[in-house]
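Asks: This is the structure, below, for whatever I ask next.
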Amino acid sequence: MIKVNKWHISSKHLAILVLVFSQSSYADSYLCEAERASGFVYDQENKIWQSSKFSIENRKYLVSRTDANDIFIKALKYDYEIKEVSSQQPIIHCKALKLNDSNEETGLVTCRGRLGESFNFDKRSGRYIRSQPTGYVTLKSGSKVGGGPYMEIGNCSPK
C-alpha cells in the first residue's frame, strides 16, 4: 500500500487556491502606460502661456476594482480606482458607465477628480486619456501663475 502524506496534498491544494484567488483579484485590472503628453507652461520672461511637451517617463498606472468593503467607496458607488504604479494611494476614483438602468457595463470607465482632473479609459480599445486643467484657472500654492494644465494619452492592457 502506498502511503500518502496528507500535508503534501494540503500544500498542493493551498497553492492552487492561492493561484486562483490571486488571478481573480487581477481579473479586472489593467496596466496603463503613457504615450504622449502636452500642455501649457507660463513663460515668466515674456509673460505668456506657451504650449509644451511633458515627460512621460515612468508614467504608468494601475486601473483596478475598488475595495467593495470601503464605506466611502460604497457611498459614492465607485467601481474602479487609478493608482500610479509606484504608489499604493489612489489618485482618482472612477465609475463604470452602464447600459440604461442595468448593471451591465459598457466598457467605458470615467473618472472625475478635484478641480476638473479626469481619467477616461475604454476597456475595449485599451486607450486612456488623462487631463489636468489646474494651474491655469487655479493657482498652485506658493506660485503667482500656476504650473500649467496638461493632457496625456496612452494604452492599457489587462494585467
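Asks: For region 54-65, what are the residues that are over 30 Å from VAL41 (Cβ atoms) and crowded, with 19+ Cβ neighbours inside 10 Å?
Replies: SER64
Asks: Further, regarding this structure: Determine the pairs where a residue that is β-branched (Val, Ile, Thr), located within region 88-108, has a partner that is part of a loop (DSSP other than H, G, I, E, B) and surrounded by fewer than 10 Cβ atoms within 10 Å (Cβ to Cβ) with Cβ atoms under 7 Å apart, the partner being 6 or more residues away or on another chain.
Replies: Cβ pairs passing all conditions: THR106/LEU99.
Asks: Report, by residue number, each residue of region 41-78 that is closer than 24 Å to THR110 by Cα and hydrophobic (A, V, I, L, M, F, W, C).
Replies: Hits for region 41-78 are PHE54, ILE56, LEU62, VAL63, ALA68, ILE71, PHE72, ILE73, ALA75, LEU76.
Asks: Take the residues of region 96-133 that are touching a helix residue (DSSP H, G or I) at 6+ places or on another chain (Cβ under 9 Å) and in a strand (DSSP E or B): which is surrounded by the fewest Cβ atoms within 10 Å (Cβ to Cβ)? Step through it out loud before you land on a result.
Replies: Looking only at region 96-133, we keep the residues that are touching a helix residue (DSSP H, G or I) at 6+ places or on another chain (Cβ under 9 Å), and these are 131-133.
Still in the running and in a strand (DSSP E or B): 131-132.
Working: SER131: 16, GLN132: 19.
In this case the residue turns out to be SER131.
Asks: Within region 34-62, track down each residue that is assigned to a loop (DSSP other than H, G, I, E, B), among the acidic types (Asp, Glu) and either in contact with a strand residue (DSSP E or B) (Cβ under 7 Å, 6 or more places away or on another chain) or within 29 Å of SER87 (Cα to Cα) (or both). Working first, answer last.
Replies: We begin by selecting, within region 34-62, every residue assigned to a loop (DSSP other than H, G, I, E, B); these are 44-47, 54-59.
Remaining after also requiring among the acidic types (Asp, Glu): 45, 57.
Within region 34-62, GLU57 is the sole residue that qualifies.
Read-outs: derived from the displayed coordinates by stated rules, not from any lab. In this text the structure is predicted, and so the values were computed from the model without any measurement. Don't worry about glycine lacking a Cβ; one is built from the backbone with ideal geometry, like all the others, and counts go over all protein chains shown.
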